[in-house]
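We did not get these values from a lab; they are worked out from the coordinates using the rules stated. What you see is a predicted model, and the numbers here were worked out from it, not measured in a lab. Here the Cβ positions follow ideal geometry from the backbone for every residue, glycine too, while neighbour counts run over all protein chains shown.
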Amino acid sequence: MKVILLSDVYKHGVAGEVVDVADGFARNWLIPKKLATKASPEALKKHEEMREASATRKAALEGRLNDLARQIDGVELLFGRRASPTGKLFGSVTTSEIADALNDKTGIDINRRRISQTQLREVGIHDVPVRLGTEISPILKVQIVREEDYAKVLAQKAASAEAAAIETIEADPEIDAEAEAEAAGVSEAIAEVSAEAEAAGE
């Protein structure tokens, strides 16, 4: 008998598959236990409609996750911490702190459990993956500097960001006055992505 599996069944298939099984197994076990339903023409039609709708939803979700990944990938986050002469932190930078810093900078709210690190305990630049999906893991650049160097590094990043913005304006004569004013005003360590842009990207 052909049945549509409603749950995963060991050695027979996974939920959503149409499989052939022994009549007795279907009537006496699968169907009474609501593990499967008989693959009648009506059931098959409904199953196909549901499968197509599920595929559409999955594609839309993957599209949104990929858009989000492009916004996150390469974002630089800066932390200042007390550290030993060898660069070991007196404490750590946690996933919660990374998630909060990402939200403050970009408006993107990520659950800390999606950040693929436990704690960072050394001065330096760390690649920190963010698990958005099975194969979607953009990388954050988390830089930890000594507490006493934080203001200097922040100022250097601000100067670099402003210089890059000015260079972009000079290289593109078509940039209008409004965009030019916005770009020239970049003076923070890392240019922020607005919350409205993030919401639209989701």
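What are the semi-axes of the equivalent ellipsoid of segment 101-141, taken as the square roots of 5 times the eigenvalues of the Cα gyration tensor, listed largest first and rounded to whole Å?
With the √(5λ) rule applied to segment 101-141, the semi-axes are 17, 14, 9 Å.
By how many nm would the segment from Ala159 to Asp73 lengthen if fully extended, with 0.36 nm per residue of separation less the alpha-carbon distance?
28.8 nm
Arrange Val75, Val14 by Cβ neighbour counts within 10 Å, fewest through most, would you?
In order of increasing Cβ crowding within 10 Å: Val14, Val75.
Give the share of C-alpha pairs in each 10 angstrom bin for segment 2-68, from 0 to the last occupied bin, in whole percents, shortest bins first.
20, 42, 22, 12, 3
Calculate, for Ala43 and Lys141, the FRET efficiency according to 1/(1 + (r/R0)^6) with r their C-beta to C-beta distance and R0 45 Å; round to the nearest 0.05.
Working: r = 51 Å, r/R0 = 1.14.
Result of the calculation: an efficiency of 0.30.
Taking only C-alpha pairs under 8 Å that are 6+ residues apart, what is the relative contact order of segment 95-134 in percent? Let's see the in-between values first.
Working: 32 pairs, mean separation 13.9, N = 40.
Contact order relative to length: 35 percent.
Normalised by the residues of segment 2-68, what does the relative contact order come to in percent, with Cα pairs under 8 Å and at least six apart?
Relative contact order, segment 2-68: 29 percent.
Return the distance in nm (one decimal) between the two label points of a simple spin-label model at His12 and Lys58, each offset 7 Å from Cα along Cα→Cβ.
2.2 nm
How would you rank Asp109, Asp23, going from fewest to most other Cβ atoms within 10 Å of each one's own Cβ?
On the way: Asp109 12, Asp23 8.
Ordered by Cβ neighbours within 10 Å, fewest first: Asp23, Asp109.
Give the Rg/Rh ratio for segment 12-111, taking Rg as the radius of gyration of the Cα atoms and Rh as the Kirkwood radius, to two decimals.
1.33
Modelled label-to-label distance, Tyr150 and Thr94, 7 Å Cα→beta-carbon offset: nm?
1.6 nm
Amide H of Ala83 versus every other amide H placed in the peptide plane: which residues, excluding those fewer than 5 positions away on the same chain, fall under 5 Å?
Phe90, Glu147
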